[in-house]
Amino acid sequence: MKGKTPKKTVITEPAESKRHKGVSQWSIAWRRFKKNRAALAGLILVGAIVFMAIFSPLIARYPVNYLASYNEEGKIRLPPSSKYLFGTDYIGHDVFSQIVYGTGNVLYVGFGAAAIAMSLAIVIGLFSGYYGGLIDNLLMRITEVFLVIPFLLILLVFLKVATALAPSGVGGLTTVMLMIGLFSWASNARIIRGEVLRVKQHEYIEAAVSLGASKWRIMFRHILPNVLHVIIVLTTLQIATAILVEAAVSFLGFGDPNSITWGQQLQGASEAVKEAWWEGVFPGLFITLLVLGFSLFGNGLRDALDPRLRE
Amino acid sequence: MTDELLKIENLKTYFYTWAGVVKAVDGVSLNVKKGETLGLVGESGSGKSVTALSILRIVPRPGKIIGGSILYKGENLLEKEEKQMQKVRGKEIAYIFQDPATSLNPVFNIATQLVEIIRHHQNLSKEEALKKAIELLRLVEIPDPEVKIWNYPHQLSGGMKQRMAVARALSCQPNLLLADEPTTALDVTIQAQILDLLKSLKQKLKMAMILITHDMGVAAGVADRITVLYAGRVCESASAKTIFRNPLHPYTRALLEAVPSLALRREKLKVIPGSIPNLIELPSGCRFNPRCEFAKQGVCAVQVPELLEIAPDHYVACVRAREIEAETPFGGLS
């Protein structure tokens, strides 16, 4: 594609002029976000889990994949105790330590898949909404195809194929992430297109055209910042969805068996739900907490950024 | 001839809608000299704005310029490539929009918006551009420009926003300013301020201006020449003085009589009966004939009037212009 993305030259106020501060929409949004307790709780939850991912070796009690109870006592599926906080699983892993080690993988899939899905959604939504006409028609029909196919089913098929085709050693969790990302952009693209259509009619876009801005500049420099609030909200919610989908895929046995994720732990637990409830309940709880955290955070952002609710 | 800046001839801009072809501008000719202010007057839907948008070639879809020529400094803008047009827009010809509340981008502060345009058309560093932007705000008489420039549009009042919009339009010293009803969205006291500002700027910067308005009073205050549009055609074009002292087109007269005046103690304002015709199915002959009090049976509905020079520099498109001048001298305004 020809043309270069215009350089970002947002001019910021020098620090010394504090007399009459320019208040950007972001600072207004932050002020409102702070007042929303549920949103703050979400932010704290997400923050705590990210912290857990970064410092996992310090938090976990046993080394990665260490068969704690099997090696030390010759037993598996021990109930929670002071030694094994969340009990041990079907081959003797410490459930708590495995949850901690899985955090990074879970976030990797969540963030990665959301990044792929949102990049596709932004590009398709922008082009479709801005150009309209034939391009819009074409892109939206493609989007609809992605919307009508049964998402999980096709994802599982593609995962199987991709895993089979990929050379050994490559893929695994990355394949899972790619596939989730490639199949979950469609609804976001539609929402972004709608926002672009709304923003496009504003006079300041016409003003930018009348001042000699190119199409490229209009799209990325003038329209994109005005739909950014929607994109941010969609991204946080997309991360939550991607984490859930990864858990589902892993639970069904289509994930990467060599990576520790909370979904994988759930799958291992599914054989003995009655006898060893702790094996599934704790990973499930963490999935719930993380998704809840992202959803609260996302909803809080939506309320804070919605221009219609501005005071 | 050399002092002619803009010359539009027989411009036709049609909108191709599902209901039919809307002839928004249908053969408009006008010209603007260097440093001159042209008032483009007409009702809603008369094609004023579309004419101005056509000059910059930013007519929104499904509109299309299908004929005529727009000579700017002797070059036909309609033959230019899109890339070259982008250099004309903002740098040579700038546009001021009606509603300042929506014509500034809400997510950037004023500094960012001005610096972007200045640097887009001129090769300046960020610091130089910022200095220039502050100068511009001073030029449009914004108090405390070093502080106000860091404001976001939502922190400014309507009048202030329109000043910012004017500053943005002036950022690259255009030779021609298209002001599309710049005061309509403002309250009356602010209207007067903005008009005074435009008048003084035009003298200071020696630029030409096309002021689009539906308000004869506004045109009277600012314009040197006035062109009256009706249903996509020029009715009358003359110096402002001539238009107000001796209007010859019945539509111009009707417009002037609809202006409230203190000198004439009329009980009721005159109104023009009916409304502007459907631009898809226009009346035959003169487009104003169904609403015209001077219309003559068998003439006005048949013959399409041409824009003729009735007196030196006084153009009228009415078959009966001379008869009207002789029979009913205009005594409408003081």
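Bear in mind these aren't lab numbers, they're just calculated from the coordinates by the rules spelled out. Because the structure is predicted, anything quoted here is derived from the model rather than measured. For neighbour counting, all protein chains shown are included, and Cβ atoms are generated from backbone atoms with ideal geometry for every residue, glycine included.
Results, tabulated for the structure shown:
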quantity	calculated
Estimated FRET transfer efficiency (B:Lys268, B:Lys33; beta-carbon r; R0 45 Å; 0.05)	0.70
0 to 90° range, to nearest 10: angle between helix A:37-54 axis and chain A longest Cα axis	60 degrees
Potential extension, A:Leu147-A:Lys35 segment - 0.36 nm per residue separation minus Cα distance	36.7 nm
Separation of alpha-carbon centers, the stretch A:34-95 and the stretch B:3-74, rounded to whole Å	71 Å
Förster-model FRET efficiency, 41 Å R0, A:Ile54 and B:Thr184, C-beta, rounded to 0.05	0.10
D (Stokes-Einstein, µm²/s), Kirkwood Cα radius, chain A, 1.567 mPa s at 4 °C	59 µm²/s
C-alpha long axis of helix A:95-131 to longest principal axis of chain A, angle in °	20 degrees
Reachable lysines from A:Lys83, criterion Cα separation under 20 angstrom, eight or more residues apart if same chain	A:Lys75
Segments A:146-153, B:227-234, B:213-220 sorted - mean Cβ within 10 Å per residue, highest first	B:227-234, B:213-220, A:146-153
For B:Asn76, residues with placed amide H under 5 Å, excluding near neighbours	none
Gaussian network model of chain A, Cα within-10 Å springs - most flexible of A:Gly293, A:Gly132, A:Gly74	A:Gly74
All lysines inside 22 Å of B:Lys296 as judged from Cα atoms, apart from same-chain residues fewer than 8 positions distant	B:Lys270
Karplus 3J(HN,Hα) series, Hz, for the stretch B:175-181 with 6.51 cos²θ - 1.76 cosθ + 1.60 (x for Gly, Pro)	8, 9, 10, 9, 10, 8, 6
Rounded, prolate or oblate (a/c below 1.5 giving rounded, otherwise prolate when a/b exceeds b/c) for the stretch B:1-107 by Cα gyration tensor	rounded
Within the protein assembly as shown, helix-based [θ] at 222 nm, where runs of 4 or more DSSP H residues each add -39,500 (n - 2.57), nearest 500	-15500 deg cm²/dmol
Partner lysines for A:Lys34 [C-alpha distance under 29 Å; skip if fewer than 8 residues away on the same chain]	A:Lys8, A:Lys18, A:Lys21, B:Lys148
Amide H within-cut-off set for B:Leu308, under 5 Å, with H built and near neighbours excluded	B:Val316, B:Ala317, B:Cys318
Under 5 Å, built H, 5+ apart or other chain: amide partners of B:Ile66	B:Lys12, B:Thr13, B:Tyr14
D (Stokes-Einstein, µm²/s), Kirkwood Cα radius, chain B, 0.692 mPa s at 37 °C	156 µm²/s
Number of partner chain Cβ atoms within 10 Å, mean per residue of B:97-109	6
Relative contact order [Cα under 8 Å, 6+ residues apart], the stretch B:248-327, whole percent	28 percent
Normalised contact order of chain B, rounded percent, pairs of Cα under 8 Å and 6 or more residues apart	20 percent
Cα long-axis angle, helix A:151-165 against chain A (0 to 90 degrees, to the nearest 10)	70 degrees
Relative packing of peptides A:41-53, B:170-182 - highest average C-beta neighbours within 10 Å first	B:170-182, A:41-53
